[in-house]
Amino acid sequence: MAGLACGGAAEPILPDGGQSGATTGSIVVTLDARGNSMDADGFSATLDGAAPRDLSYGQTVRYESLKAGDHLVRVADVAPHCRATPDSSMERVQAGSTDTLHVEMTCLGGVAYHEYVSDGWYDIVYLTEDGRRIHLANEPGMKYIAAWSPDGERLLYEHVDGAGSHLYSVRADGTDRRELTSGSGTEHRPRWSGDGTRVAFEQHDYTVSQSSWIVTMNPDASDQRVLVDSLGFDLDPVWSTDGTRLFFGCNRFGRVGDLCSAATDGSDLRSIRFPETETFALSCGTTCPVSPDHFEASPDGSRILFELFETPQGPQTVWIGTLDGSGATSASGATNSFAGRWSPSGDRLLISVWDGTSNFALATVNRDGTDYHMITDFADNDEAGTWSPDGAVIAFDGFESGAQQLWVMNADGTGRHQLTDGSLPSFAPLWNPKARPPQRLVASSSSAPSSARSGGGMRRSVSVGSRTQLAARPGTTTCGLVHENGRARIACPALRLR
């Protein structure tokens, strides 16, 4: 009776999770895909320095029969446009337990950018959403990204060689490259209309005159029309949001430096002047370089960005003006600024700012000029920012790795990490407007490239029997090679210093 009573007692709960006699545990490594791209070659995982095992989307790597204690898991073979968070982690195995390590794998694509080849040769590369790098323009000479078509199917660019500067377009897959202009003239700053049916650009032919004029054409280069005439000095066209008008810089109203506007057939030519900038314009008269320029209409069509030199020796600043001329404001106060871009929603503006020496940074500001906020520091030396299609992520030029490469970050400056690498500079990115939204990036405690980081934030789940516990752990042709403080950088668009 005593023996039966003893044998019928409940068994004690053992520290190995209820599996009496277990001395080993397991680790499962799984990928949680983020961003808008992927790495078609997949990745690899290693445990305690052993031979790597393939790690890919939708699959897991499982390590069985591991001794209880700490084991180092590393994720490797990560492409530059991807980031593993974490890329290494010390996992503590408990006997009889399975520890699941979730790795946030963020890959970004849908970005075209310039790749430096030599002082007289830049290529255009497209980082696709499936992780490929397509050379859209790799013939000898300088190529400058101008604009994506609204449907994201084609890219306009300028090609500068010994014959001058002419316009080309190419499909996003690198096929069907077309020369759109040729001859003795030079063409700059092409812009698509909002519906993609027309292209506007500025044209010069110095063998005929010292004038420049605005031309519109079909995307296949047919039906080319001079907007007003070839007698003035018209520059840098941009379409109104509704496609009914063009805005451009001109000297047709008695001075250099007016913002001008005309209907698409050249009629109703007028100037738009802002009381806040009149003092600067009048002091320049007809002697200043053409200003304002580098225009961009807001998505809702109510405002326009432009750059302005206040005097021949004064600062270069981005301004926000109403299209009826009722008011304008500097986006950065007295701080030098350039390369303004509207956010996709039009509520904020991204600008590059300059400290007056050799340092650059990025800032954002509200559409009315309020809430100016630097999202990077001058010590970072960042510039040439561009919004993702959803406005959540910014791609830009950065130097943290020692060379000029593309970086990305959230719109508030967090989640910063490197997008390209290599010995040659990559610079001046431009998102495809139809790229899938990348959404907000996972912030990391380090902004270094994936290959140089360890730890970081992640989500891990530990399964013990049937239970699961969640735990948390820590467009222009002013690009140029500039030499500053013993370092070479590509400035695109470059600051127009005199």
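Confirm whether D161 is in contact with a strand residue (DSSP E or B) (Cβ under 7 Å, 6 or more places away or on another chain), farther than 30 Å from D41 by Cα and acidic (D, E). Spelling it out, it is not the case that D161 is in contact with a strand residue (DSSP E or B) (Cβ under 7 Å, 6 or more places away or on another chain), farther than 30 Å from D41 by Cα and acidic (D, E). Could you tell me whether any residue of segment 131-145 is under 30 Å from S267 (Cα atoms), touching an Asp or Glu at 6+ places or on another chain (Cβ under 8 Å) and of a type outside the set (S, T, N, Q)? No, that holds for no residue. If you check R416, R367, R341 for being of a type in the set (K, R) and more than 30 Å from E276 (Cβ to Cβ), only one passes: R416.
Might you check whether a residue that is closer than 27 Å to T30 by Cβ and among the hydrophobic types (A, V, I, L, M, F, W, C) occurs anywhere in segment 116-139? Scanning segment 116-139 turns up at least one residue that is closer than 27 Å to T30 by Cβ and among the hydrophobic types (A, V, I, L, M, F, W, C). Meeting the requirement of 1 or more residues that are within 24 Å of P433 (Cα to Cα) and open to solvent by less than 20 Å² (accessible area, probe 1.4 Å), the strands (runs of 3 or more DSSP E) wholly within segment 325-375 are 336-342, 348-354, 360-366. Note on segment 231-250: among residues that are under 16 Å from Q203 (Cβ atoms) and assigned to a loop (DSSP other than H, G, I, E, B), the one that is modelled with the highest pLDDT is D234. Answer yes or no as to whether S326 is over 30 Å from I134 (Cα atoms) and either of a type in the set (G, A, S) or at pLDDT below 95 (or both). When the stated conditions are applied, S326 passes them.
Number of residues in segment 376-399 that are among the charged types (D, E, K, R) and either closer than 18 Å to I145 by Cα or surrounded by 20 or more Cβ atoms within 10 Å (Cβ to Cβ) (or both) equals 4.
Just one of the listed residues (D70, D41, D99) is open to solvent by 20 Å² or more (accessible area, probe 1.4 Å), of a type in the set (D, E) and more than 30 Å from H135 (Cβ to Cβ), and it is D70. Of the residues making up segment 102-111, those that are surrounded by 21 or more Cβ atoms within 10 Å (Cβ to Cβ) and either among the polar types (S, T, N, Q) or at negative phi (or both) are V103, M105, T106, C107, L108, G109, V111.
Among the residues of this structure, D54 does not count as one that is on the phi > 0 side of the Ramachandran plot, surrounded by fewer than 21 Cβ atoms within 10 Å (Cβ to Cβ) and not small (G, A, S).
For segment 265-280, the set of residues classified as in contact with a Leu (Cβ under 8 Å, 6 or more places away or on another chain), open to solvent by 60 Å² or more (accessible area, probe 1.4 Å) and at pLDDT 95 or above is empty.
Okay, residues lined up against (1) of a type in the set (S, T, Y); (2) farther than 23 Å from D48 by Cβ; (3) in contact with a Gly (Cβ under 8 Å, 6 or more places away or on another chain):
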residue	(1), (2), (3)
V78	no, no, no
E91	no, no, no
S97	yes, no, yes
T106	yes, yes, yes
A112	no, yes, no
Y116	yes, yes, no
V125	no, yes, no
T128	yes, yes, yes
I134	no, yes, yes
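Among residues that are of a type outside the set (F, W, Y), in contact with a Gly (Cβ under 7 Å, 6 or more places away or on another chain), open to solvent by 10 Å² or more (accessible area, probe 1.4 Å) and not in a strand (DSSP E or B), D176 is not included. If the condition is being open to solvent by less than 10 Å² (accessible area, probe 1.4 Å) and of a type in the set (G, A, S), then segment 125-140 contributes only A137.
The values are calculated or read from the model by the stated rules, or taken from the named source; none is laboratory data. The shown structure was predicted, so the numbers you read here are calculated from the model rather than taken from an experiment. For neighbour counting, all protein chains shown are included, and Cβ atoms are generated from backbone atoms with ideal geometry for every residue, glycine included. Just so you know, the surface numbers come from the protein's heavy atoms only, side chains and all, with ligands and any DNA or RNA stripped out. Shrake-Rupley method; radii C 1.70, N 1.55, O 1.52, S 1.80 Å.
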